[in-house]
Amino acid sequence: MRFVGIDPSTKTGFVALDDRGMVVREKELSGVGSQDPKRMITLINEIIAHVQPGDFICIEGFPFSTQKAMFAGGLHHGIRNELFKRKLHYHEVAPNAVKKFVSVTGWTGEKGSKKRLTGPQKKKAVMQAVLNDYGYQHKSDNVVDAFILAQIAFDLFVIEETGESRLSINKAQVIEAIIQAKADVKRKA
């Protein structure tokens, strides 16, 4: 069994961990060319070529705001459609939950003098947190986000299988939110 993280974007991060939590695949995928729909279709095909039957997958949820909303929406739906067609189940993780999992809030400084982190600053903070927590680094922030998603998949699986959690408060809250969302979907079905 592998634990897979997918961070969809124009440069999509993909990470697969083995059953011991070791990285077995890490890649930034971008599709072919710069014109859609070719770029989007080839990117989706690249992503799907890397998943395998039996993978336990976490995918980052839809971005709340993006300047390329049409591409982002198409890509996110396209990936989910392909996973569904292949009967590959996945868990969706909100973008802010990915950062919360490694204790990045988007703010820096002490109480009373906090400053909001900008995009590049937040990405750098996430990359540093992953290095500190897991000793993992990659030049692509998309791959680092995919690594976090793969870790979430790993921890989610362990908790669902054993019922035990030895996670930090932030990590446990992220996992609990995913489990709760899954329960909500089952109740509505």
Length added when fully stretched, Gln128-Ser34, from 0.36 nm per residue minus Cα-Cα
30.8 nm
Please identify, among Gln35, Gln52, Gln137, the residue showing maximal mean-square fluctuation in a Gaussian network model of the chain using a 10 angstrom Cα cutoff.
Gln35
So between Thr118 and Asn170, what do we pick up on full extension, going 0.36 nm a residue minus the alpha carbon distance?
16.6 nm
GNM on the chain, Cα springs under 10 Å; top mean-square fluctuation among Met127, Met40, Met22 goes to Met22
With +1 at each Lys and Arg Cβ and -1 at each Asp and Glu Cβ, the charge dipole magnitude of the chain around its Cα centre, to the nearest 20 debye, comes out at 600
Contour minus Cα-Cα span, Asp184 to Lys85, at 0.36 nm per residue, comes to 33.4 nm
Under 28 Å from Lys124, Cα to Cα: lysines that are on another chain or at least 8 residues apart
Lys11, Lys27, Lys68, Lys99, Lys100, Lys111, Lys114, Lys115, Lys139, Lys171
Would you mind telling me which residue in Ile47, Ile179, Ile152 has the biggest mean-square fluctuation in a Gaussian network model of the chain, where springs connect alpha carbons within a distance under 10 angstrom?
Ile179
Placing +1 at every Lys and Arg Cβ and -1 at every Asp and Glu Cβ, with all other atoms neutral, what dipole size does segment 85-189 have around its Cα centre, in debye to the nearest 20?
500
Approximate spin-label separation Thr105-Met1, in nm, with each point projected 7 Å along Cα-to-Cβ:
3.5
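Every number in this text was worked out from the coordinates using simple rules, so none of it is lab data. Model, not experiment: these values are computed from the prediction. Reconstructed Cβ throughout: ideal geometry from the backbone, glycine too, with neighbour counts over all protein chains shown.
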